[in-house]
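J.: This is the structure, below, for whatever I ask next.
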Amino acid sequence: MKRYYCLTALAVMLVLPAYSWDWASTPTSSTTHSVQLRVGADFNKKWDNGLALHFGEDLRFDLGGTGTDINPASGDTTVSAVAANLNKSYTTLSLSYKNPRFKYLKADVGYMLKIMGNKDWADVNKWMRHRIFFSLTGSYRYEQWSFSLRERFLTEIRMGDIDLHTATGYYEHNRADWYLRSKVEVAYHAVSKPLKPYIWLELVNTLNANPLQQKYANNDPTQKGHQYIRRVRTSVGVVWRLTQRSSLDFYYRFDYGYDREVTVKAKSQDLFLNEETSFQHAIGIAYNFGW
């Protein structure tokens, strides 16, 4: 038995170094600063048994910004402008349930169609993504204050071909990426005015980051890799109740993003890595209607 464990350990030591990432060039990094305008609409239908149906549309437009590309090997820095265009579109359909006896807890499941702007519109696989999510939200009300915590499990499914890096046996992207989104919110319900100011913070954690995307010491997978925080979002806003059924949501949102974008050239099998960091400021307005 002791001999078996020794042989197994030796095999692992011999095989793992073969999977060291051989980048075609020194990994590069890029940083973008952008300003967005967001316009949305949400419609909700509630029933007495605790079920609610939600349909929403969210359009996001880049108003401009700057991008910086850095090559650590040469030290070259390139600054470019971020053009104004449609950034993304999200169409959401979901069903939620809140037991009348346990109003502090809500569960919901839904589907989201994500359309990527500024892509090759001739190829649907390049601009379309599919999302499926399930979430639990716990809330507590104390006088005019309300507190909530939402945990959402989300998968985003890519379409089209994904190139394989044959030397390691890994694809450049997952077919389906899984994330955990944790959001905490505090809101104040004004007594004499139809206003509800709020603030929230959300963390987006990867759950199955592609092995090629995981961060290893010296890009060597014999070192310990790990998942990482992909987004940090915070928002402050106010909901203005127009009628008993409708309201407007005005908000400012800051979004910090970090991603490790891997590209595999199918023919040459060259492997490229770019660490992408983004700082995004957004001003938005959303219309809400419920009955």
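J.: Apply the Karplus parameterisation 6.51 cos²θ - 1.76 cosθ + 1.60, with θ equal to phi minus 60°, to every residue of segment 237-245 and state each ³J(HN,Hα) to the nearest whole Hz, in sequence, with x for glycine and proline.
T.: Here the 3J(HN,Hα) series is x, 9, 9, 10, 6, 7, 9, 5, 10 Hz.
J.: With unit charges on the beta carbon (Lys/Arg positive, Asp/Glu negative), name the residue among Ala187, Asn174, Thr68 whose Cα is farthest towards the positive pole of the charge dipole of segment 2-290.
T.: Of the options given, the answer is Ala187.
J.: Now for a separate question. Going 7 Å from the Cα of Arg175 along its beta-carbon direction, which residues of segment 146-161 have the amide nitrogen within less than 18 Å of the resulting point?
T.: 155-161
J.: For Thr77 and His33 in one chain, what is 0.36 nm times their gap in residues minus the Cα-Cα distance, to one decimal in nm?
T.: 14.3 nm
J.: I've got another one for you. Hey, what angle do you get for helix 2-15 against the long axis of the chain, alpha-carbon based, 0 to 90 degrees rounded to 10?
T.: 80
J.: In nm, what is the difference between 0.36 nm times the number of residues separating His130 and Gln269 and their Cα-Cα distance?
T.: Stretched fully, the His130-Gln269 segment lengthens by 47.2 nm.
J.: Need the list of lysines near Lys126 for cross-linking: C-alpha distance under 24 angstrom, and skip anything on the same chain fewer than eight residues off.
T.: Lys88, Lys114, Lys265, Lys267
J.: Per residue of segment 256-264, what does 6.51 cos²θ - 1.76 cosθ + 1.60 with θ = phi - 60° give for ³J(HN,Hα)? Whole Hz please, x for Gly and Pro, Karplus curve as stated.
T.: Taking θ as phi minus 60°, the curve returns 9, x, 9, 8, 10, 8, 10, 10, 10 Hz for segment 256-264.
J.: Separate question: What nm value, rounded to one decimal, do you get for the distance between Ile162 and Val232 when each label is placed 7 Å out toward the C-beta?
T.: 2.8
J.: In whole Å, what is the distance between the alpha-carbon centres of segment 260-290 and segment 120-194?
T.: Cα centroid to Cα centroid, the span is 14 Å.
J.: Once you place label points 7 Å from the Cα toward the Cβ at Asn85 and Ser25, how far apart are they in nm?
T.: Between Asn85 and Ser25, the simple spin-label model gives 2.1 nm.
J.: By how many nm would the segment from Leu113 to Ser246 grow when fully extended, if each residue of separation counts as 0.36 nm and the alpha-carbon distance is taken off?
T.: Value of the extension gain: 45.4 nm.
J.: Which FRET efficiency value, to the nearest 0.05, is calculated for Leu53 and Gln223 with the Förster distance at 41 angstrom and r the Cβ-Cβ distance? Mind dumping the intermediate values first?
T.: Working: r = 48 Å, r/R0 = 1.17.
Efficiency computed from Cβ-Cβ geometry: 0.30.
J.: Antiparallel as a % of all DSSP beta bridges within segment 2-290, to the nearest 5?
T.: For segment 2-290, the DSSP antiparallel bridge percentage is about 90.
J.: If each DSSP helix of 4+ residues adds -39,500 (n - 2.57) and the sum is divided by the residues in the chain, what number results at 222 nm, nearest 500 deg cm²/dmol?
T.: Mean residue ellipticity at 222 nm (helix-derived): -1500 deg cm²/dmol.
J.: Which trypsin sites (Lys or Arg not before Pro) in segment 222-291 sit in a loop by DSSP (not H, G, I, E or B) and have at most 16 other Cβ atoms within 10 Å of their own Cβ? Let's see the in-between values first.
T.: Details: sites: Lys224, Arg230, Arg231, Arg233, Arg241, Arg245, Arg253, Arg260, Lys265, Lys267; in loops: Lys224, Arg245, Lys265, Lys267.
Of the trypsin sites (Lys or Arg not before Pro), the ones in loops of segment 222-291 whose Cβ has at most 16 other Cβ atoms within 10 Å are Lys224, Arg245, Lys265, Lys267.
J.: Evaluate E = 1/(1 + (r/R0)^6) for Asn210 and Trp121, where r is the Cβ-Cβ distance and R0 equals 30 Å; express this FRET efficiency to the nearest 0.05. Present the calculation step by step, with values, prior to reporting the outcome.
T.: On the way: r = 27 Å, r/R0 = 0.88.
Once rounded, the FRET efficiency stands at 0.70.
J.: Rounding to the nearest 20 debye, state how big the charge dipole of the chain is about its Cα centre with +1 on each Lys and Arg Cβ and -1 on each Asp and Glu Cβ.
T.: Taking the Cα centre of the chain as origin, the dipole is about 1380 debye.
Readers should treat all values here as calculations from the given coordinates under stated rules, not as data from a laboratory. Here the structure is a predicted model, which is why all the values come from computation and not from measurement. Methodologically, a virtual Cβ is constructed for each residue, glycine included, from the backbone with ideal geometry; neighbour enumeration extends over all protein chains shown.
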